1. Just the residues that are among the β-branched types (Val, Ile, Thr) and touching a residue at least 24 places away in the same chain (Cβ under 8 Å), please, taken from the range 63-75.
2. Using beta carbons and a limit of 6 Å, which pairs, at least six apart or on different chains, have the first residue in the range 51-62 and of a type outside the set (Lys, Arg) and the second one loosely packed, with under 14 Cβ neighbours inside 10 Å and modelled with pLDDT of 95 or more?
3. Within the range 20-41, identify whether any single residue is assigned to a loop (DSSP other than H, G, I, E, B), modelled with pLDDT of 95 or more and closer than 23 Å to PHE94 by Cα, and answer yes or no.
4. Only residues that are surrounded by fewer than 16 Cβ atoms within 10 Å (Cβ to Cβ), β-branched (Val, Ile, Thr) and under 23 Å from GLU4 (Cβ atoms): list them for the range 67-125, please.
5. Criterion first (among the acidic types (Asp, Glu), farther than 28 Å from LYS17 by Cβ and in a helix (DSSP H, G or I)) does GLU70 satisfy it?
6. (1) in contact with a Ser or Thr (Cβ under 6 Å, 6 or more places away or on another chain); (2) of a type in the set (A, V, I, L, M); (3) surrounded by fewer than 17 Cβ atoms within 10 Å (Cβ to Cβ): which one isn't true of ALA53, the others all being true?
7. Which members of the range 3-15 meet the condition of being surrounded by fewer than 20 Cβ atoms within 10 Å (Cβ to Cβ), assigned to a helix (DSSP H, G or I) and not charged (D, E, K, R)?
Amino acid sequence: MAFEWVRYLNLARELAKRTDEESLRSSISRAYYAAFNTAADHLRSEGIVVPKADAHTFVWNTFRSSTDMERGMIGENGDRLRIWRNYADYSGVFPNLDRYVKTALPLAEKILRNLADLSTPDSPG
């Protein structure tokens, strides 16, 4: 059975309750990967091949370039979350880290909700 990427979001929530910097940075990273991997899996379910090289850019650009507004927002929000994840993972200093954690988790949740909406067939009218 495939790993359920939403579990990373659950871990992100737990890490966000801590006060140490490494937990807060990891919270942003786990929230991002919950969103990214779910988005990549969604594209694969549509028959889109996600390349291994530069997969992150490919996934968010694919959503962002859609004419569908909901898909476009998934791409925009994914890119925003990716920027914060890169900062959390690679920058030695992260000003206002706690503020970004409080923003990153709801943003990842929104991406996951939007992806679930795309996966749910419209109910008969």
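1. Scanning the range 63-75 gives a single hit, ILE74.
2. Qualifying pairs under 6 Å: PHE58/PRO51.
3. yes
4. Passing the criteria: only THR120.
5. yes
6. (1)
7. Answer for the range 3-15, where residues must be surrounded by fewer than 20 Cβ atoms within 10 Å (Cβ to Cβ), assigned to a helix (DSSP H, G or I) and not charged (D, E, K, R): VAL6, ASN10, LEU11.
The values are calculated or read from the model by the stated rules, or taken from the named source; none is laboratory data. All values derive from a computational prediction rather than experimental measurement. Note that each Cβ is placed from the backbone with ideal geometry, even for glycine, and that neighbours are counted across all protein chains shown.
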